[in-house]
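J.: Take this structure, written in structure tokens, and hold onto it; I'll ask about it next.
The values are calculated or read from the model by the stated rules, or taken from the named source; none is laboratory data. Bear in mind that the values here come from a model prediction, so they are computed numbers and not experimental data. Reconstructed Cβ throughout: ideal geometry from the backbone, glycine too, with neighbour counts over all protein chains shown.
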Amino acid sequence: MAHTKKKIGLIGGGQIGGNLALLAVQKQLGDVVLYDIPVAEGLVKGKALDINQLSAVDGYDCRVTGSTDWKDVAGSDVVIITAGVPRKPGMSREDLLDVNLKIMRDVAANIKQHCPNAFVINVANPLDAMVFALHKIAGLPKNMVVGMAGVLDTSRFKCFVAEALGCSIRDVEALVLGGHGDDMVPLVRHSTVGGVPLTQLIAKDKLDAIIDRTRKGGAELVNLYKTGSAYFAPASSSIAMAESYLLDRKRVLPAAALLEGQYGLSGYFFGVPTQIGAGGVEKIIDVQLNDAEKAELNKSFESVKKTVGEVKL
Ligand SMILES: NC(=O)C1=CN([C@@H]2O[C@H](COP(=O)(O)OP(=O)(O)OC[C@H]3O[C@@H](n4cnc5c(N)ncnc54)[C@H](O)[C@@H]3O)[C@@H](O)[C@H]2O)C=CC1
Ligand SMILES: O=C([O-])CC(=O)C(=O)O
């Protein structure tokens, strides 16, 4: 019988990779190949076996295969890249550029060879520069390559708002644009709780503190964990994007997508609201910004350009 289940290739079987595999199975999105380099063979084979045994308890019919061979990843419908080193306290994401670019060169070349038709979501940092490199090396169509950051950054912002108000997180709607760095742009003017503008519900000083905590959300986790960075929320955020593609949900999710004139910006992957469906990035939404918001977005864009400027392919 033909293989009709979707196939999900997870590149990197570390903290985020393992959680991605678990979530993909729990949501029954498809069969998973958890790939890592040979030195991590036991890690991916162990995680695969462990999750498959959990599947028996809960009755999930998707299988995880741990592999160190790209041939097993070939033909994946979705590929999520978490291959890369996480930062430690005192480091910036940009400090990871050289080491993670080396890894991305290997990963992107293999994607080009083995998964040319996949929807590819990059998670490795520094996010916006790595997805730029991925797109250049793998040569995939622009609608099939994205970076995950905005879903996570937005989710952090929503979490802090719900905590501050003591309200259900379900009713918080928010949008964080820009690069995945300290100058990302939480759009307070476009955020609501149950349809009520956020600015009417939280005083400015409290809101400023929430914005600051969101911008430094990654570092807060790095300082707590000490040996690495966040992994539960990043995994869930990436799965939301993969699911929207696989199930053609057409969700509007912020993602690092290639800009071609939107927001007056071009040539770089940058965090903007996208519509993700069976066509990959089917739309980029050009939010109307006021002068102050535009200035913040331009500042974030300059930071991304600076890091990408250091990318030697
Ligand atoms: N975009 C975002 O919002 C977020 C990004 N990150 C980034 O995600 C990346 C992964 O984080 P973790 O899973 O916590 O790290 P981790 O260290 O637990 O896992 C990374 C895995 O990549 C593997 N790897 C190294 N070279 C490889 C190669 N050539 N091919 C395949 N696999 C390879 C390693 O063996 C390791 O198992 C980091 O760069 C981190 O900064 C982390 C959190 C959020
Ligand atoms: O901060 C980091 O290094 C990991 C990351 O991107 C995040 O958690 O937002």
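J.: Hey, among A56, A74, which residue is modelled with pLDDT under 95, away from ligand 2 (no atom under 16 Å from the Cβ) and surrounded by fewer than 20 Cβ atoms within 10 Å (Cβ to Cβ)? So that I can check it myself, show each step before the final result.
T.: On the way: A74 fails: modelled with pLDDT under 95.
Checking each option against the conditions leaves just A56.
Rundown of residues vs (1) touching a Leu at 6+ places or on another chain (Cβ under 6 Å); (2) acidic (D, E), yes/no style:
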site	(1), (2)
S191	yes, no
G195	no, no
T214	no, no
L224	no, no
A233	yes, no
D248	no, yes
V252	no, no
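J.: Evaluate the following for K136: is it touching a strand residue (DSSP E or B) at 6+ places or on another chain (Cβ under 7 Å) and surrounded by fewer than 17 Cβ atoms within 10 Å (Cβ to Cβ)? Walk me through it before giving the result.
T.: Values: touching a strand residue (DSSP E or B) at 6+ places or on another chain (Cβ under 7 Å): no; surrounded by fewer than 17 Cβ atoms within 10 Å (Cβ to Cβ): yes.
Spelling it out, it is not the case that K136 is touching a strand residue (DSSP E or B) at 6+ places or on another chain (Cβ under 7 Å) and surrounded by fewer than 17 Cβ atoms within 10 Å (Cβ to Cβ).
J.: Scan K283, K216, K250 and give me the residue that is at positive phi and surrounded by fewer than 17 Cβ atoms within 10 Å (Cβ to Cβ). Please lay out each step first, then the result.
T.: Details: K283 fails: at positive phi; K216 fails: at positive phi.
Answer to the selection: K250.
Residues checked against (1) of a type outside the set (D, E); (2) surrounded by fewer than 15 Cβ atoms within 10 Å (Cβ to Cβ); (3) modelled with pLDDT of 95 or more; (4) closer than 14 Å to M184 by Cα:
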position	(1), (2), (3), (4)
S244	yes, no, yes, no
A256	yes, no, yes, yes
Q262	yes, no, yes, no
K306	yes, yes, yes, no
K312	yes, yes, no, no
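J.: If we keep just the residues of region 7-44 that are within 16 Å of ligand 2 (Cβ to nearest atom) and not in a helix (DSSP H, G or I), which is nearest to L247 (Cα to Cα)?
T.: G12
J.: Please tell me if L49 is at pLDDT 95 or above and over 21 Å from V120 (Cα atoms). Before you say what the answer is, go through the steps one by one.
T.: Details: at pLDDT 95 or above: yes; over 21 Å from V120 (Cα atoms): yes.
So L49 passes the test.
J.: State whether one or more residues within region 170-183 are within 16 Å of ligand 1 (Cβ to nearest atom), buried (at least 17 other Cβ atoms within 10 Å of the Cβ), in contact (Cβ under 8 Å) with a residue 12 or more places away in the chain and among the β-branched types (V, I, T).
T.: Within region 170-183 (the criterion being within 16 Å of ligand 1 (Cβ to nearest atom), buried (at least 17 other Cβ atoms within 10 Å of the Cβ), in contact (Cβ under 8 Å) with a residue 12 or more places away in the chain and among the β-branched types (V, I, T)), the answer is yes, since at least one residue qualifies.
J.: Does region 69-95 hold any residues that are away from ligand 1 (no atom under 11 Å from the Cβ) and basic (K, R), and which are they?
T.: Selection gives K71 alone.
J.: If I ask for residues that are without any contact (Cβ under 8 Å) to a residue 40 or more places away in the chain and basic (K, R), which ones from region 55-76 would you list?
T.: Matches in region 55-76: R63 only.
J.: Ok, one more. Within region 62-76, how many residues turn out to be touching a Phe, Trp or Tyr at 6+ places or on another chain (Cβ under 7 Å) and assigned to a strand (DSSP E or B)?
T.: 1
J.: Which of (1) within 23 Å of the chain's Cα centre (by Cα); (2) in a helix (DSSP H, G or I) does A56 not meet, given it meets every other one?
T.: Tallying (1) within 23 Å of the chain's Cα centre (by Cα); (2) in a helix (DSSP H, G or I), A56 fails exactly one: (1).
J.: Of A138, A124, A129, which residue is away from ligand 1 (no atom under 13 Å from the Cβ) and of a type in the set (G, A, S)? Lay out the reasoning, then the answer.
T.: Values: A124 fails: away from ligand 1 (no atom under 13 Å from the Cβ); A129 fails: away from ligand 1 (no atom under 13 Å from the Cβ).
Going through A138, A124, A129 in turn, just one is away from ligand 1 (no atom under 13 Å from the Cβ) and of a type in the set (G, A, S): A138.
J.: Sticking with this structure for a sec: Does V32 satisfy the criteria of being more than 14 Å from V123 (Cβ to Cβ) and crowded, with 24+ Cβ neighbours inside 10 Å?
T.: Working: more than 14 Å from V123 (Cβ to Cβ): yes; crowded, with 24+ Cβ neighbours inside 10 Å: yes.
Answer is yes for this residue.
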